[in-house]
Each structure stands twice: as C-alpha cells, then as structure tokens.
Amino acid sequence: MDQVDQSLLGAKEDFLVALPTIMEYVKVRCLSPAFDQGWESHGEIDRAVDLYRSWAEHQAIDGATVWVSEIPGRTPALVIDVPGTYHSTQTVLLYGHLDKQPAVAPWRDGTDPFEAVQRGDKIYGRGVADDGYAMFAALAGIQAARRSGGAVPRCVVFIEASEESGSPDLDAHLDKILPSLGEVGLVVCLDSGGLDFERLWITTSLRGNLVLTVSVKVLEHGVHSGSASGVVPSSFRVLRALLSRVEDESTGDLKLPILTPEVPEFYLDRAQALEEELGDPLGEAFPVVEGLSLMGDSGSDRLVRQTWRGALSVTGIEGVPEIESGGNVLRSYTKAKLSFRLPPNVDAQAAQDEIVRVLTVDPPYGAEVVVETETPAQGWVAPLPAPWLAKALNEASLLAFGKPVGYCGEGGTIPFLYTLGAKFPKAEFVATGVLGPGSNAHGPDESLSIPTAQGVAVAVAKILSAMPESMEN
C-alpha cells in the first residue's frame, strides 16, 4: 500500500469523530413533510439542519463555506462548498438527506427509535443509515483526500430535507445554487446500498414508485351485518376485486402491459453472474416466518424480481376497526394505501394514469370508488461509468473493504437520482451507500454498520483523489 492510500484510510478515523453527533441526530424527530404537515412550526427539520451545520463548521476545512439554502414554504437544504486543491474546472456534487421516515412497529427490546443505541459495531436509531450518516462520510472522505496531498477537485456537499417525501423541494434548491456550481463532472449519491457489507456496492438501476389511495364506499354509514350482508356488497370485497384487475393475487405479478416491459438481457446476465458469485443473497435477507416460500425460482430470479419487475404492496388501510372493537357491522367503506414499484424503464406518469383508469372504470356493483394519487417517482438506470471511474471504484472497494466493487440494481426508489440525472446529463454518477441486509431503513431496528460507513468514507476519498483534472483525460 502506498503512502497516498494509507493517508486515504484516515477517513475511517475522521468518520468515527462524527459518531456522537450522529447519535445526537437520532434524537431529532425531523420527519419528512409527507409525514409531518406541521414541520415548519415543529422546528425539528431546522433543528437537524442546525446540528449538521454546526458540526460541519467546526471541522474548519480550509476555505470551506457552510450555508443553508432557504426558500419560503420549502424545507431547507444544507450546502458545504469545499474548494479544490487546484484550479478545478469540474465540481463534484455529493448528495445526502437528513429527513426521516416515521417510527413504525415495535423496536428491539422496546427501545425508543429516537434514542440511539450502539451494539457492537452497529448504531440503532431512526435515520442513522437512511440517510443521517451521509454528510459525515462525505466530509470524512473529502478531508482524507485533501490530506493525502493529491489533486482534489472542488466538492459541494448538498444535504436536503424532503427526500422521504419524494424530494419535492430538490429542484427548487438546485435551481437556486446551479449558477454557483459550475460544471458538475461527478455526482456522488450516498443514499443507497447493496447485497452485503463486504464491498463497495454501486447501484445500477432503481425502480420507480407510485403511491395512491383507493377508497371504496358502499353505504352512507355502517349497518348491522345481519341485516345488510348478502344484500349490500362488502366494500372490502369490492376493493379486493379492484386490486385483482392490476395484480395476480396467486403470483404477485402485475397484469397491466405497461407495468410488465421486457427486462434487458444485460441485467438478466448480471443477475445470473451475481447468483454464481453470491448464491441467493435475497433468500436469507428478510425476517420471514418459518416455512414461508419466497417468490422467484432462483437467486437470480429473485434479484430480477426485486430490481426489474413491478410489484404491489398494500401499505395502509382505513375504515377497518381493531379486532377488539370490531362488531357485527357491514362497514360503509374501505380505504387502502397502495405502493406500486415500477420497472426502472417504465414511464411513471403514464403508468399511474393507466392504473387509475383501470381501478375506476365500471366499478363492481356501481360502488363509489375514489382514487387519490401522489407525485409519481420515476425509476432510473445508471449510465455506464467512464474507464477512469470504473477503475477508481474497483480500487476504492479494494482499499476500503479488501474486495472488488459490486454492481447491482436496487428494488427501492430514489427520486432524486432521476432529478439529478436530468439536471446534470453530462456528469458521471456514483450511487452507493451503507444499506444492506438487516439495515431495515423505514422499518423497526434501523441500523448503521459503522465499518461500512467508514468504508464508504474511504471510497469517497479514493474516488476524489482519482478524478482527472480534465474529464477529457
């Protein structure tokens, strides 16, 4: 290992310095606006931004400026501008977010999701891995790259606060800072992950996402089931019939042609290669009940289903009482919240329009059916990395983890990547992060693997130190 790489490994220690602040961040209930309509008056997002800003300022990186982008009616964004060590014509934009999903379901041993707990080399708490660690890893990488003595480009760390709501405020902030960014040659997004914690994983694609609610109403108010059942159709049964229009309930496959495009051969081959190397990584990734049969015929098939096939999940339901209070009543309505994951290359708006049409046309029994939609989230397919970047990614993974880089699609949706891709069409993209088996972002017991976060910080340092001074080289 040469002296430069030894210096880049210092990013591990730099990241450890941030752990007390990350644990303090867990206490902040900075829920994304979609989950806290009163976010402005509650002040928790501002509290998180202030915590991050204070920490970044105390790092005293030579020449860095730290400021908050504020736009009336929108969540704030934190901007940390670190000048290059040479006259750089290219800017590196490093992205993360600090807003959180709500806490759901019981956490381990009754622990509070908003009180950080460290067990071994993991920190448990809402937001730690998605995406509270990102700013700290980015700055640790920048600091280590600058200390190594090599040429480091100008870096702008951008931390938004509306990602968990689909990043509705991202465009406005990017438009505000765009004139000062110069030419963005590389975008590094630290809000993704991979199939294990043993290497640097680069995200090659993301599924799109549609969130909508379907309300089925059959009565103006509930009626005794002894009187109405068998005469008035159940709102739950009508809803079930509507869902069968878009999903095969026996296989979980989506039915509409727009939701089932052919998977490109390149990604089928890549899934097969991953199966040959890793076996069935998704086969043991989830806390399934004993005896449950997973969907998919093989490890590669499950990888394809997770990353390039569409799927429907019912994520919420309304109008159904708890069992203890459920009486003999034929309920007046049932309302369900649906989440559709879309293949990466599907037009999300067109898919939403078709789903709404299919769910509302000619409803069973003439029931009242109302569909409400959220802003569609477009999927994303990563551009192939330039030769210098492909080489740097592999070297970064070897330096940080001791294993070659891995490439895989993600089953989740990250709307900001599509937005950033549209804003910076000529830039190279690196989408990576700390999420892996058991990280449980959005669920109970969300955890941050400290060694993985350290590895990501080292990888950032290596990539920055390898970036050509001219992208034409």
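The values are calculated or read from the model by the stated rules, or taken from the named source; none is laboratory data. Being a predicted model, the structure only gives us computed values, none of them experimental. Reconstructed Cβ throughout: ideal geometry from the backbone, glycine too, with neighbour counts over all protein chains shown. Calculation scope for accessible area: heavy atoms of the full protein, side chains included, ligands and nucleic acids excluded. Shrake-Rupley method; radii C 1.70, N 1.55, O 1.52, S 1.80 Å.
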* Which numbered condition Ala422 fails, given (1) buried (at least 18 other Cβ atoms within 10 Å of the Cβ); (2) of a type in the set (A, V, I, L, M, F, W, C); (3) modelled with pLDDT under 95; (4) part of a helix (DSSP H, G or I) -> (1)
* Taking the range 286-316 on its own, how many of its residues are over 26 Å from Ile258 (Cα atoms) and hydrophobic (A, V, I, L, M, F, W, C)? -> 4
* Residues satisfying the stated conditions in the range 385-411, i.e. open to solvent by 30 Å² or more (accessible area, probe 1.4 Å) and either in a helix (DSSP H, G or I) or closer than 24 Å to Arg341 by Cβ (or both) -> Pro387, Trp388, Ala390, Lys391, Asn394, Glu395, Leu398, Phe401, Tyr407, Glu410
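Among the residues of the range 133-171, write down those that are small (Gly, Ala, Ser) and within 30 Å of Tyr86 (Cα to Cα). Show your work before the answer.
From the range 133-171, those small (Gly, Ala, Ser) are 134, 137-138, 140-141, 144-145, 148-151, 161-162, 165-167; that's our starting set.
Those that are small (Gly, Ala, Ser) and within 30 Å of Tyr86 (Cα to Cα): Ala134, Ala137, Ala138, Ala140, Gly141, Ala144, Ala145, Ser148, Gly149, Gly150, Ala151.
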* **Boolean, Glu446 is modelled with pLDDT of 95 or more and touching a strand residue (DSSP E or B) at 6+ places or on another chain (Cβ under 8 Å)** => yes
* Structure fact -> Within the range 110-120, the residues that are in a loop (DSSP other than H, G, I, E, B) and surrounded by fewer than 13 Cβ atoms within 10 Å (Cβ to Cβ) are Gly120
* Asked: Is it the case that some residue within the range 288-299 is open to solvent by less than 80 Å² (accessible area, probe 1.4 Å), part of a helix (DSSP H, G or I), hydroxyl-bearing (Ser, Thr, Tyr) and out of contact with any His (no Cβ under 9 Å at 6 or more places or on another chain)?
  -> no
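Quick check, is Glu324 part of a helix (DSSP H, G or I), touching a helix residue (DSSP H, G or I) at 6+ places or on another chain (Cβ under 8 Å) and open to solvent by 20 Å² or more (accessible area, probe 1.4 Å)? So that I can check it myself, show each step before the final result.
Numbers: part of a helix (DSSP H, G or I): yes; touching a helix residue (DSSP H, G or I) at 6+ places or on another chain (Cβ under 8 Å): no; open to solvent by 20 Å² or more (accessible area, probe 1.4 Å): yes.
No, not satisfied.
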* To do: Restrict the check to the range 344-352 and report whether at least one residue is of a type outside the set (A, V, I, L, M, F, W, C), in a helix (DSSP H, G or I) and at pLDDT 95 or above.
  => yes
* Qualifying position, being touching a strand residue (DSSP E or B) at 6+ places or on another chain (Cβ under 6 Å), open to solvent by 30 Å² or more (accessible area, probe 1.4 Å) and β-branched (Val, Ile, Thr), among Ile317, Ile258 -> Ile317
* Asked: For Ala285, all conditions in the list (1) modelled with pLDDT of 95 or more; (2) part of a loop (DSSP other than H, G, I, E, B) hold save one; what is the number of the exception?
  -> (1)
* Here are some conditions: (1) part of a helix (DSSP H, G or I); (2) surrounded by 15 or more Cβ atoms within 10 Å (Cβ to Cβ). Ala336 meets all but one. Which one does it not meet? -> (1)
* Cβ-Cβ below 6 Å, separation at least six or inter-chain, first residue in the range 355-384 and under 14 Å from Leu338 (Cα atoms) and modelled with pLDDT of 95 or more, second of a type in the set (Ser, Thr, Tyr) and not in a loop (DSSP other than H, G, I, E, B): which pairs? -> Val370/Ser215; Val371/Thr360; Glu372/Thr213
* Restricting the range 339-361 to residues that are of a type in the set (D, E, K, R) and more than 23 Å from Glu410 (Cα to Cα), the residue that is least open to solvent (accessible area, probe 1.4 Å) -> Glu354
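What about Gly433, is it at positive phi, touching a Gly at 6+ places or on another chain (Cβ under 9 Å) and at pLDDT 95 or above? Working first, answer last.
Working: at positive phi: yes; touching a Gly at 6+ places or on another chain (Cβ under 9 Å): yes; at pLDDT 95 or above: yes.
When the stated conditions are applied, Gly433 passes them.
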* Go through the residues of the range 452-468 one by one and say whether even a single one is out of contact with any Asp or Glu (no Cβ under 7 Å at 6 or more places or on another chain), assigned to a loop (DSSP other than H, G, I, E, B) and either among the small types (Gly, Ala, Ser) or under 23 Å from Ala34 (Cβ atoms) (or both). => no
* Under 8 Å between Cβ atoms, at least 6 apart or on separate chains: pull out the pairs that start in the range 109-134 with a residue that is over 13 Å from Ser449 (Cα atoms) and end on any residue that is small (Gly, Ala, Ser) and open to solvent by 30 Å² or more (accessible area, probe 1.4 Å). => Pro113/Ala103; Phe114/Ala103; Arg126/Ala103
